[in-house]
Amino acid sequence: MALVRAQNLVIDFPIYEADSRSFKSVIRAATGGILSRDASKRMVVRALDNLNFEFHEGDRVGLVGHNGSGKSTLLRVIAGVYEPIGGSIQVVGRVASMLDVWLGMNSDASGRENIFLRATILGLRTPEINRLVDDICEFTELGDYIHMPLRTYSSGMQMRLAFAISTSVSADIILMDEWLSAGDAAFAEKAQVRLNQMLGQAKVFVVATHNEELIRMSCNKIMRLDHGSMTHFGPAPHVAASTPAATPG
């Protein structure tokens, strides 16, 4: 079973030392959410305001809205990074977060060591990582470089490793902030097949994006956010009647 349920969900971010700034400067720092004060009279940005929704098995949800509308914040709440200041969030099922594919990686560690570091951040246990490590190494096509420090890699090699690790996880709920790309043109087709397989096996997929073509090709529902408030949640227009996730554009 996979489920994401929000009830009256509220997320506030305090603005420390706000009283020492001009009101105008605080507004510039808070363009993403609604400026207000909490019960302790501290200045806060209301990043998410009273959201109510449910994502069920089979849902492919596109989060849309202007920069600062709350899309990434909502993804991080589902991932368990942020705790609600009000209301509740219920998440049932294993979550794979693709929000920061570099999180946990160490430039002085080898590629193989970074597989264990990053996979641990993704929630895998050592026995699970041991079963996946050879497949990840082979998929990267890095050869003997897999035993070299990450700092000796080109940016394309680093992206191959990060992509291979992140897409090795089997999960019920997959969260993505924009479409995950391998970055290397010669690697892109192989990477796209792997990504589509991963998303096709997921029970719930949530992606924050500005790409309308991605929404059309991969999502069956759309949620529109505006300054932290949900202004629309329903079927995505012109949904492709094919696979649950497909190559955008």
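Name the residues in the stretch 150-186 that are part of a helix (DSSP H, G or I) and more than 30 Å from His66 (Cβ to Cβ), would you? Leu150, Arg151, Thr152, Gly156, Met157, Gln158, Arg160, Leu161, Ala164, Ile165, Ala185, Ala186 - these are the residues of the stretch 150-186 that are part of a helix (DSSP H, G or I) and more than 30 Å from His66 (Cβ to Cβ). Within the span defined as the stretch 98-115, every residue fails to be touching a helix residue (DSSP H, G or I) at 6+ places or on another chain (Cβ under 7 Å), acidic (Asp, Glu) and within 26 Å of Ala2 (Cα to Cα).
Just one of the listed residues (Ala6, Ala47, Ala39) is aliphatic (A, V, I, L, M), assigned to a strand (DSSP E or B) and modelled with pLDDT under 95, namely Ala47.
Can you find, within the stretch 206-249, the residue that is nearest to Leu63 (Cα to Cα) among those that are at pLDDT below 85 and of a type in the set (Asp, Glu)? Within the stretch 206-249, the match that is nearest to Leu63 (Cα to Cα) is Glu212. When you check Val95 against the structure, is it in contact with a strand residue (DSSP E or B) (Cβ under 6 Å, 6 or more places away or on another chain), of a type in the set (Val, Ile, Thr), within 20 Å of Met230 (Cα to Cα) and surrounded by 21 or more Cβ atoms within 10 Å (Cβ to Cβ), yes or no? In short, no. Candidates in the stretch 111-131 are the residues that are outside any helix (DSSP H, G or I) and crowded, with 20+ Cβ neighbours inside 10 Å; of these, the one that is nearest to the chain's Cα centre (by Cα) is Leu122. Screening Asp134, Asp144, Asp108 for residues that are assigned to a loop (DSSP other than H, G, I, E, B) and either small (Gly, Ala, Ser) or loosely packed, with under 14 Cβ neighbours inside 10 Å (or both) leaves exactly one candidate, Asp108.
The values are calculated or read from the model by the stated rules, or taken from the named source; none is laboratory data. All figures in this text were calculated on a predicted structure; none of them were measured in a lab. Positions of Cβ are backbone-derived with ideal geometry, glycine not excepted, and every protein chain shown enters the neighbour counts.
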